[in-house]
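Trainee: So that we are looking at the same thing, I have put the structure below in structure tokens.
Here, each number is a calculation from the coordinates, and none is a lab measurement. Just so it is clear, the structure is predicted and the values come from calculations on it, not from any experiment. Quick reminder, even Gly has a Cβ in these numbers, built from the backbone with ideal geometry, and neighbours come from all protein chains shown.
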């Protein structure tokens, strides 16, 4: 089993903590070593397992199982590196100037007051939805959120579309009364 793969061996775990380096001998005994000793132990035979998230790097023994673990780890590390490269290419640093040298400007300003107002209205609407009957909720959701017509709902419910329209008007009146009582309109 030749193992020509040489993974990047980090000095620190992803969370900034120290890495632990270990060598597992062919007889199964484990020895914690320094990074320098760990790297010096590399050869073309022994597979290596690196998990920067957990902060560990291990030179594995010469077994088929260890080779399988190392291959899976290698594929994961390579996929993670490709993901990081793609993500870095898409990242925009807002404090950097554009290619022309002009500072980057944000097109839209965030309106915190409007956001809070919308959040309050949404919370009021959710409270109202909890208070109405299931059939009223179904009618409201189907028409307002899903965009179904009176005729489509009439077919689903097995009633005349005029009855759907009357029910819808009652539900909307309830909503208007509720929003009015909460000071939202």
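Trainee: How much length is gained if the chain between residue 88 and residue 123 is pulled fully straight, taking 0.36 nm per residue apart and subtracting their Cα-Cα distance, in nm to one decimal?
Mentor: Details: separation 35, 0.36 × 35 = 12.60 nm, distance 3.69 nm.
Computed gain between residue 88 and residue 123 is 8.9 nm.
Trainee: With labels modelled as points extended 7 Å from the Cα through the Cβ direction, what inter-label distance (nm, one decimal) is found for residue 81 paired with residue 40?
Mentor: Spacing of the two 7 Å Cα→Cβ label points: 2.5 nm.
Trainee: Still on this structure, I have one more. In 5 Å bins starting at 0, how do the alpha-carbon pair distances of region 20-90 split up by percent?
Mentor: 3, 16, 23, 24, 16, 8, 6, 3, 1, 0
Trainee: Give me the log10 of I(q) over I(0) for region 112-181 at q = 0.19, 0.22, 0.23, 0.27 Å⁻¹, as the Debye formula computes it from C-alpha points; what are the numbers?
Mentor: Normalising to I(0) and taking log10 leaves -0.77, -0.95, -1.00, -1.21.
Trainee: Same structure again: Note down the relative contact order for region 112-181 as a percent, whole number, built from C-alpha pairs under 8 angstrom at least six residues apart.
Mentor: Details: 27 pairs, mean separation 19.8, N = 70.
With pairs under 8 Å counted, the relative contact order is 28 percent.
Trainee: Moving on to the next point. In nm, give the distance between the simple-model label positions of residue 12 and residue 65, each being 7 Å from the Cα along the Cα-to-Cβ direction.
Mentor: Those two pseudo-labels are separated by 3.5 nm.
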